[in-house]
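Undergrad: Please find one structure pasted underneath; my questions will follow.
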Amino acid sequence: MIGRSVRADTTPTPSSVSAKLSARRRHPFATALVLMVGLSVMGGLYSALTGAGTASAAATDGGPQQIAQGRELFLEGCASCHGLNAQGGSTAPTLIGVGAAAVDFQVGTGRMPLAAPSQQARRGPVSYTQEQISALAAYVASLAPGPAIPSAEELNYLNANLQEGGELFRTNCAQCHNFTGAGGALSSGQFAPSLKVATPKQIFEAMLTGPQAMPVFANSTVPVEEKQAIIRYITSIRSSPNPGGMSLGRLGPVSEGLFLWIVGLGAVTAIAVWIGAKSS
Amino acid sequence: MTTHETGPIVKAGGAAADYVDERVGVSKFLKKNLTKVFPDHWSFMLGEIALYSFIVLLLSGTFLALFFKPSMTEVTYHGSYVYLDGIRMSEAYASTLDISFDVRGGLLMRQVHHWAALLFMAAITVHLMRVFFTGAFRKPRELNWLIGNILLTMGILEGFAGYSLPDDLLSGTGLRIAQGIVQGIPVVGTYAAMMIFGGQFPGTDFIPRLYIVHVLLIPGAILGLITAHLMLVWYQKHTQFPGPGRTERNVVGYPLFPVYTAKAGGFFFIVFGVTVLLSAVASINPVWLFGPYTPTQITAGSQPDWYMGWLDGALRLMPNVEINAWGRTLSLNVFIPSVVIPGIIFTALALYPFLEQWATGDKREHHLLDRPRNMPTRTGIGTMSLAFYVLLWIGGDNDIIATHFDMSINQITWALRVMVFVVPPLVFVITKRFCLALQRRDRDKLLHGYETGTIMRMPSGEYIEVHAPVSDEERVKLLAGRVYRPLEIDREPDENGVRPKRKPLDAARARISAFYYAEQISKPTPDELTEAEHHALALSDSYAAQVESGVSPPSVDGGH
Amino acid sequence: MSVNSEAAAPGSGGDQHDALDTQDAHGVETSAHAQNPLAPGLPEHRLRRTDIDPRAAKRAERQVSLLFAIGALTPIIFFIGYVYIPNDKLILIPLIGTTSASNLFLGLTMGLGLFCIGAGAIHWAKKLMPDVEEVAERHQIRGTDAERDLAVAQFNAGVESSGFGQYKLIRRTLIGALAATPLFAVPLLKDLGPMPATLLRYTIWAKGVRIVTDVSLAPIKPEDIPFGGLVSCVPANLAAVEKATGTLNARAKVPVVLVRLRPEEIRSQQGKNWDYQGILCYSKICTHVGCPTALYDQKSHHLLCPCHQSTFDLADSGHVVFGPAARSMPQLAITVDAEGYLVAQGDFTQPVGPSFWERG
């Protein structure tokens, strides 16, 4: 049995102390260290032998092996809320027909698995590797037809019309996400998140699948070219320079007013105090 | 005339002065006023911030007016800002983009103008609060108070007009709201809205009209009113805080020339400089990010500039009450928060000096300011109004608060709806109690001196804390202030046995007077003060005697 | 006056007035300023370092001069920056981010220069100018009794000599003329705008007008709209009307949203068969004060206005569920035309946008 030293059953005598001491002496951390080593070995053996490595080889083919892997992952991590057959439940909607794009978005942004069930899902640490996400997506896509993960060509926004993208953004997106995508409030504690870190793929998928409260902007009403224009605008404007100085959050007059009261009026009033103070 | 050498500049100056004096008689004015005394407290400079900001606004505004095109004609933009290249927009917006991107220093001037506007309104607000809490609006300054109130209202309108001129999405939304408010006014609303906008919204007349209001009509009125405001301050002389040497009949401070000129003139440059520095490092009103105004678009987080936030908050918090009867619609949900509430607040603000004078019956002139604690009811009313104002202000930001503090806008709205009724009276009570407590402490200080923190143990074993009398200067400050008593209705018959006629408002007046002054802490009378001094002397004599005759010396901690 | 006013001496009932007060109830000075033991004079003047130490004074002089010198030099630096820094040059500054080099440079130099001039003047006043507090008398604001009497007498003499009191007819007609003169303005301002008439009641939506997407103006087939979808639309004739009128007036009243609900999710509508296969068309102009109401929550089918948070339930006739709006969002009845594109069945049956008095 690993982790336990056998203690010699002798009472220590002065002469045997130095000889036996080393055999009995244990570092306080010894147990913990050995446990860790043991677990790592077990875990390593497990992952080496249970085919995770082989899964990555079959990650993108959409074939039965990937779907099976996806189903495995789904049963472990998702079925408790979404149902064994992804039919949904009291706390989670059905995933039948949501498409690979929805899974790629939700799991890829860390929204799923849902951290706090009563609140709106929010971007967070991603719990799965990309291969696992693709497997999950393939599984859900296999249940019923739904929006697919956008192809590289669909995501190529570099030649899209930047100005038209701005017009489309202001017409379809700014009312929830704010004029530069800084985010905004919706009813009942929900919110449209900031678009500062969303990747082009995630933006595309969000428009396509309408996550949580967000409406669905299908390719039939917002064609791929328009989506590309919007993506180009978002990715460009969010890192655009602020020629006037600090952006103050790009939230509009509220932060500007706060800044004025604290910094502007504060500075000028402080100087007024200096003027009125007796000189030493 | 001077003890310096008469160099060429002095000679030339003398000649110029001579020239002007022979034509304008300026020496008569100067002889009286060059040494005019101005008190030097920092809180007296808040109004100056507003004045200097106004000058900055005039200067920067003139620059902008040379480049801005106040026209709603649609053009296609082809300037430097790539994101809007080829987009249709009004000339007003296009010229604003040109100022921002294609005129050197244009963005700086735009930002200076806007930051100065925000500073102007903030300065007026804190200046108003200072005047209110120190009672500087009392006779003979009621007229100046009224002028100041008008300046406040005009400033709000002027600011709204100014930031609406660029015709961007955010301010255009604000104009839409303004039009909806006007349209909803009972009886005359639709006519007024059509008149103002030259037809339906948005029309093509409004920006040019707003421009003339913004660059000519209101600035002219503000300039005239500021002149009157300053002339009154000049003639009536500034008020001052009570203190040693300061009475109702004098004014203590520094002479206009050279000290006050240097300080006030220097402060102008400071305000100007700070505004420009702000404009160098902090972005304000980036209209290019909003896009041009079109009635089909809107952004999340649509708020007006800060000084209108309370009106927006009132609109958000108001429940949706609308009365439909006899083919007419009375939109109380819009009318009350945008017309009735501001109407009540501004009227109450304007009439306050007269109300307070009515409640005290005090017709004296006042040139010494009150310490806020000595007028607890007034101070309470002031903090209560501020609480109400701030709550409305927060209401206007409810969606920004919701996103940043992870709350629900619905819950915030409901909470504020309750708080605007519950919190102000609470603030009033707390403030009044606080003021009375401070008054008691002041009285205590006058009679017993202040605690020095030095503990002495007497040979008898008694511990005492050494109290020191307040300095003469502080005694003056603590004694200052009138303690009013509530007015009573005089019903005693005069020498002919005729009772005075009961005037209709007497009962109300007595009640309001009681509300103001029923609870006051009286100041120690001179006799009481003398007695307290004797008492203190006697006490210290007795302790000294103990120490002299005592066995062990007094020690601080009681042991050795 | 029948109400007691305070004219009592201090400490004897009535108001306890200011120890330093020498006025009577009406603000008239009653006595010369009496010596008051409770009112010491100005505090003793304390000398500043610059008053005592000539080296400190020299140092202060140098500091003030330096500040003024900076103020004198910054316009030159400003000029150089103005000429040599191109308007589109960007610069990355910690804490500020990427910003316009021109704005930053011009602003900093100008701001610093102005600030230093001000600081110099103030420093000069505080350190080098005399800081002895001076006392000036306040003179009575009102005129003396003699001045008042003279003014009244002169005024009365003037009135008398003008005959204003005597010639009643002149007086009355003068008042009439002065009162009537401002009335010139009333008709002159009449042409500021048209009479409302029925302008607010109608939009350019009409029977058979196609519903097209807002920016790209593409017509829409019912199968294009997914469940949970939101399409911002305008009428197909808007572009022509805008070109003809040169204003955005039509655009301000016509924006609509198309949403698709499952038929069982639609609890009520504003008219029978106003939807098309579960596709509903509602106005986008808030009934509160007119902002575009385009925040759509596809789960709750609520349409939220960002201005004042009015919330409309599109599954329930656009009924107001929260916020200050009092009326439901107007619904537009829709159907499809021969080619299968969505069209309006007619105009709105009620005025869109904010309420008004004559709305009914």
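Undergrad: Considering only DSSP beta bridges whose two residues both sit in the protein assembly as shown, what percent are antiparallel, to the nearest 5? Spell out each step's value before the answer.
TA: Working: 56 of 60 bridges.
Close to 95 percent.
Undergrad: Keeping all protein chains in position, work out how much accessible area A:ILE262 exposes to a 1.4 Å probe, and write it in Å² to the nearest 10.
TA: A:ILE262 has an accessible surface of roughly 120 Å² with all protein chains in place.
Undergrad: If you wrap a convex hull around the Cα atoms of chain C, how much volume per residue is inside, in Å³?
TA: Convex hull of Cα atoms, per residue: 438 Å³.
Undergrad: Hey, another quick one. Spin-label point model (7 Å from Cα, Cβ direction): what's the C:LYS243 to B:SER522 distance in nm?
TA: Roughly 8.9 nm, to one decimal.
Undergrad: Ok, one more. Could you state the orientation-averaged shadow area of the convex hull built on the Cα atoms of chain A, in nm² to one decimal?
TA: One quarter of the hull surface, i.e. the mean projection, equals 31.0 nm².
Undergrad: Put one equal scatterer on each alpha carbon of the stretch C:47-190, apply the Debye formula with no solvent term, and list log10 I(q)/I(0) at q = 0.09, 0.20 1/Å to two decimals.
TA: -0.73, -1.16
Undergrad: Follow-up question, since we're still on this one. So which trypsin sites (Lys or Arg not before Pro) in the stretch A:121-183 are both in a DSSP loop and have at most 15 other Cβ atoms within 10 Å of their Cβ? Provide the component values of the computation, followed by the final result.
TA: Working: sites: A:ARG122, A:ARG123, A:ARG170; in loops: A:ARG122, A:ARG123.
Loop-located and lightly packed - A:ARG122, A:ARG123.
Undergrad: Using Cα atoms only, what is the angle between the long axis of helix B:91-101 and the major principal axis of chain B, expressed in degrees (0 to 90) to the nearest 10?
TA: Orientation of helix B:91-101: about 60 degrees from the principal axis.
Undergrad: Grab the beta carbon distance between B:TYR235 and B:ARG440, set R0 = 25 Å, and tell me the FRET efficiency rounded to 0.05.
TA: Taking R0 as 25 Å, the efficiency between B:TYR235 and B:ARG440 is 0.05.
Undergrad: Could you give me D for the protein assembly as shown, from Stokes-Einstein at 37 °C and 0.692 mPa s, where the hydrodynamic radius is the Kirkwood radius over C-alpha pairs? Units µm² s⁻¹, please.
TA: It comes out at roughly 91 µm²/s.
Undergrad: Averaged over its residues, how many other protein chain Cβ atoms are within 10 Å of peptide B:483-490's Cβ atoms?
TA: 4
Undergrad: Let me spell out the model: positive unit charges on the Cβ of Lys and Arg, negative unit charges on the Cβ of Asp and Glu, origin at the Cα centre of the stretch C:140-261. What dipole size does that give, in debye rounded to 20?
TA: So the dipole magnitude of the stretch C:140-261 works out to roughly 560 debye.
Undergrad: If you line up the long axis of helix C:145-162 against the longest principal axis of chain C, both from Cα atoms, how many degrees apart are they, to the nearest 10?
TA: Between the helix axis and the principal axis of chain C, the angle is about 60 degrees.
Undergrad: On a straight-distance basis, which aspartates and glutamates could pair with C:LYS126 in a cross-link, Cα separation under 13 angstrom, same-chain partners fewer than 8 positions away excluded?
TA: Cross-link targets: B:ASP40, C:ASP51, C:GLU61.
Undergrad: Which lysines, if any, have their Cα less than 21 Å from the Cα of A:LYS227, not counting same-chain residues under 8 positions apart?
TA: A:LYS196, A:LYS201, C:LYS221
Undergrad: May I ask for the longest run of chain B untouched by GluC sites (Glu not before Pro) that are loop-located per DSSP and have at most 16 neighbouring C-beta atoms (other than their own) within 10 Å?
TA: Maximal segment without exposed cleavage sites: B:6-461.
Undergrad: How big is Rg to Rh over the stretch B:200-326, alpha-carbon atoms, Rh as the Kirkwood inverse-mean-distance radius?
TA: Across the stretch B:200-326, the Cα-based Rg/Rh ratio is 1.11.
Undergrad: Turning to a different aspect of this structure: What's the longest uninterrupted piece of chain B once you rule out the chymotrypsin sites (Phe, Trp or Tyr not before Pro) that are loop residues per DSSP with at most 12 other Cβ within 10 Å?
TA: B:1-325
Undergrad: Within the set B:LYS237/C:LYS127; B:LYS363/B:LYS523; B:LYS36/B:LYS523, which residue pairs have Cα atoms separated by over 30 Å?
TA: B:LYS36/B:LYS523
Undergrad: If you don't mind, there's one more thing I want to ask. Once each part is reduced to its C-alpha centroid, what is the distance from the stretch A:211-248 to the stretch B:476-512 in angstrom?
TA: 70 Å
Undergrad: Hey, got a sec? Which GluC sites (Glu not before Pro) in the stretch A:198-258 land in a DSSP loop and have at most 16 other Cβ atoms within 10 Å? Walk me through the intermediate numbers first.
TA: Details: sites: A:GLU205, A:GLU225, A:GLU226, A:GLU256; in loops: none.
Passing both the DSSP loop test and the Cβ count: no residue.
Undergrad: Can you compute 3J(HN,Hα) from phi for each residue in the stretch C:248-256, using the Karplus curve 6.51 cos²θ - 1.76 cosθ + 1.60 with θ = phi - 60°, rounded to whole Hz and x for Gly and Pro?
TA: 9, 4, 5, 4, 6, 10, 9, x, 9
Undergrad: Run the helix sum for the protein assembly as shown: -39,500 (n - 2.57) per DSSP H stretch of 4+ residues, divided by residue count, reported at 222 nm to the nearest 500 deg cm²/dmol. Show your work: numbers first, answer last.
TA: On the way: 41 runs with 568 residues, N = 1200.
Calculated at 222 nm, the ellipticity per residue is -15000 deg cm²/dmol.
Undergrad: If you don't mind, there's one more thing I want to ask. For the stretch B:153-268, what size does the Cα cloud have along each of its three principal axes, sorted from largest down, in whole Å?
TA: Principal axes ranked by extent give 64, 32, 22 Å for the Cα atoms.
Undergrad: Please give every one of the aspartates and glutamates within straight-line cross-link reach of C:LYS168, meaning a C-alpha to C-alpha distance under 18 Å, and leave out same-chain neighbours fewer than 8 residues apart.
TA: C:GLU160
Undergrad: Could I ask something else about it? For the stretch B:70-96 and the stretch C:168-241, write down the distance between their C-alpha centroids in whole Å.
TA: 24 Å
Undergrad: Take every residue in peptide A:155-164, count the Cβ atoms of other chains within 10 Å of its Cβ, and give the average of those counts.
TA: 2
Undergrad: Let me know the Kirkwood hydrodynamic radius for the stretch C:199-359, please, with Cα pairs as the basis and the value in Å to one decimal.
TA: Computed over the stretch C:199-359, the radius equals 15.5 Å.
Undergrad: Please give the residues from the stretch A:194-220 for which the solvent-accessible area of heavy atoms, probe 1.4 Å, is smaller by at least 20 Å² with all protein chains in place than with the chain isolated.
TA: When all protein chains are present, A:GLN212, A:ALA213, A:PRO215, A:VAL216, A:PHE217, A:SER220 each give up 20 Å² or more of accessible surface.
Undergrad: Compute the Rg/Rh shape ratio of the stretch C:232-288: radius of gyration over Kirkwood radius, all on alpha-carbon atoms.
TA: 1.08
Undergrad: Tell me, how many Å apart are the Cα centres for the stretch B:23-39 and for the stretch A:83-101?
TA: After rounding, the separation between the Cα centres reads 86 Å.
Undergrad: Here's a follow-up. How shielded is B:463-476 by partner chains, expressed as the average number of their Cβ atoms within 10 Å of its Cβ atoms? Please report the intermediate quantities before stating the final value.
TA: On the way: counts 0, 0, 0, 0, 0, 0, 0, 0, 2, 6, 4, 0, 4, 7.
Across B:463-476, the average partner-chain Cβ count within 10 Å equals 2.
Undergrad: Follow-up. Which FRET efficiency, nearest 0.05, do C:LYS221 and A:SER80 yield, Cβ-Cβ r, R0 56 Å?
TA: 0.90
Undergrad: Moving on to the next point. When the Cα atoms of chain B are enclosed in a convex hull and the volume is divided per residue, what value in Å³ results?
TA: Numbers: hull volume 172.1 nm³, N = 560.
It comes to 307 Å³ per residue, whole-number rounded.
Undergrad: What's the magnitude of the charge dipole for the protein assembly as shown around its Cα centre, counting Lys and Arg as +1 and Asp and Glu as -1 at the beta-carbon? Answer in Debye, nearest 20.
TA: The calculation lands at about 500 debye.
Undergrad: What number, in percent, do you get for the relative contact order of the stretch A:72-135 if the mean sequence gap of Cα pairs under 8 Å and at least 6 apart is divided by its residue count?
TA: 23 percent
Undergrad: Ok, one more. Please identify, among C:THR99, C:THR245, C:THR287, the residue showing maximal mean-square fluctuation in a Gaussian network model of chain C using a 10 angstrom Cα cutoff.
TA: C:THR99
Undergrad: On a 1.4 Å probe surface of the protein chains, which of B:LYS11, B:LYS237 comes out largest in accessible area, and what is the full order?
TA: Highest to lowest solvent-accessible surface, that is B:LYS11, B:LYS237.
Undergrad: In addition: In square angstrom, rounded to the nearest 10, how much accessible surface does B:HIS467 have for a 1.4 Å probe?
TA: Near enough 80 Å² of accessible area.
Undergrad: Okay, moving on. Loop only by DSSP, 14 or fewer other Cβ within 10 Å of the Cβ. Give me the GluC sites (Glu not before Pro) in the stretch C:252-360 that pass, ordered by residue number.
TA: C:GLU339
Undergrad: For chain C, with the dipole built from +1 on Lys and Arg beta-carbon atoms and -1 on Asp and Glu ones, taken about the Cα centre, which of C:ALA146, C:ASN103, C:VAL64 lies farthest toward the positive end?
TA: Farthest towards the positive end: C:ASN103.
Undergrad: List the longest stretch of chain C that has no exposed loop site; here a site is one of the trypsin sites (Lys or Arg not before Pro) assigned by DSSP to anything other than H, G, I, E or B, with at most 14 other Cβ within 10 Å.
TA: C:143-206
The values are calculated or read from the model by the stated rules, or taken from the named source; none is laboratory data. Every value quoted in this text rests on a predicted model; they were computed, and no experiment measured them. FYI the Cβ positions are ideal-geometry reconstructions off the backbone, even for glycines, and counts take in every protein chain you see. Side chains included, ligands, DNA and RNA excluded: accessible areas come from the protein's heavy atoms. Shrake-Rupley method; radii C 1.70, N 1.55, O 1.52, S 1.80 Å.
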